[in-house]
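What follows is a single structure, and I will ask about it in a moment.
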Amino acid sequence: MEKSQSSSKSAMKVTSMDRLIKIRKDFIKQRLNLLQSEEHNFETVNVINGVTYINNSASTDVDSTWLAMDRIENNIIWIVGGVDRGNDYTMLKDLVNDKVLHIVCLGTYITKIFKAFSQSSQHVIINASSADEAVHHASLLAKEGDTVLLSPACASYDLFENVEDRGQQFKRAVNDLVNGELHLRYPAKQ
């Protein structure tokens, strides 16, 4: 009888945890939908040579980055990084392993990100010290049908004034990619 009660309690705990996770995801999705019309929230900046560039600079936590990745159907080149405020990246590992081809670490506090995702041999991880450099690297890694996603999961205060500045610099870099100016700043090495 005691064993039956114990397994019943365990099943109830699992069911309760599943419900809490679903409620949390539903709440986050609702919040994301409210923010969707705002700049820097899953904003499609441009499609260049079949590669979609998305500005999700307002993503300053792991939850919002998870939601952004979950919405994308194709392969992702992920631009991530900034000031980590105690993030636990384990929540992203399955999505990153399933969807992310390459990671561009943007910022000065990237050691934790590198450690979290470098165990997978499938990812190329590159460091960048500016939005221009991040977009340049991402554009070289991306192929037609891929998505370049700026979804930092971190605060912006290491390289940028704020979330808006980070998003604006990303958008400028994408526009400079269109007109060829970005590759002039980062010429191919002979």
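Each value in this text was obtained by applying a stated rule to the coordinates, not by laboratory testing. Owing to the predicted nature of the structure, the values given are computational and were not obtained by experimental measurement. Positions of Cβ are backbone-derived with ideal geometry, glycine not excepted, and every protein chain shown enters the neighbour counts.
Tell me which residues come under 5 Å, amide H to amide H, from ILE125 once H is placed; ignore anything under 5 positions away on its chain.
Result for ILE125 returns ILE103.
Compute the Cα gyration tensor for segment 39-185, then decide on rounded, prolate or oblate, letting a ≥ b ≥ c be the square roots of its eigenvalues: rounded whenever a/c is under 1.5, prolate when a/b is larger than b/c in the other cases, and oblate in all that remain. Don't skip to the end; give the middle numbers.
On the way: a/c = 1.45, a/b = 1.19, b/c = 1.21.
Since a/c stays below 1.5, the shape of segment 39-185 is classed as rounded.
What ranking do 182-188, 64-70 get when scored by the average of other Cβ atoms within 10 Å per residue, highest first?
Details: 182-188: 11.6, 64-70: 21.1.
The peptides rank, most packed first, as 64-70, 182-188.
Follow-up question, since we're still on this one. Take the alpha carbon atoms of segment 147-165, find their center, do the same for segment 67-94, and report the distance between the two centers in whole angstrom.
One Cα centre to the other: 12 Å.
While we're here: Looking at the square roots a ≥ b ≥ c of the eigenvalues of the Cα gyration tensor of segment 117-190, which shape do they give, rounded for a/c under 1.5, prolate if a/b is larger than b/c, or oblate?
Values: a/c = 1.60, a/b = 1.03, b/c = 1.56.
In terms of gyration-tensor shape, oblate.
Also, I was wondering about something else. Read phi for every residue in segment 163-170 and hand back ³J(HN,Hα) as whole Hz from Karplus 6.51 cos²θ - 1.76 cosθ + 1.60, θ = phi - 60°, with x for Gly and Pro.
4, 5, 4, 4, x, 5, 5, 4
How about segment 78-139: which trypsin sites (Lys or Arg not before Pro) there are in a DSSP loop, with at most 12 other Cβ atoms within 10 Å of their Cβ? Mind showing how you got there, number by number?
Numbers: sites: ARG85, LYS93, LYS99, LYS112, LYS115; in loops: ARG85.
Loop-located and lightly packed - ARG85.
Using 0.36 nm per residue, how much length does the chain from ILE48 to GLU164 gain when fully extended, once their Cα-Cα distance is taken away?
Working: separation 116, 0.36 × 116 = 41.76 nm, distance 2.26 nm.
Full extension of this stretch gives 39.5 nm more.
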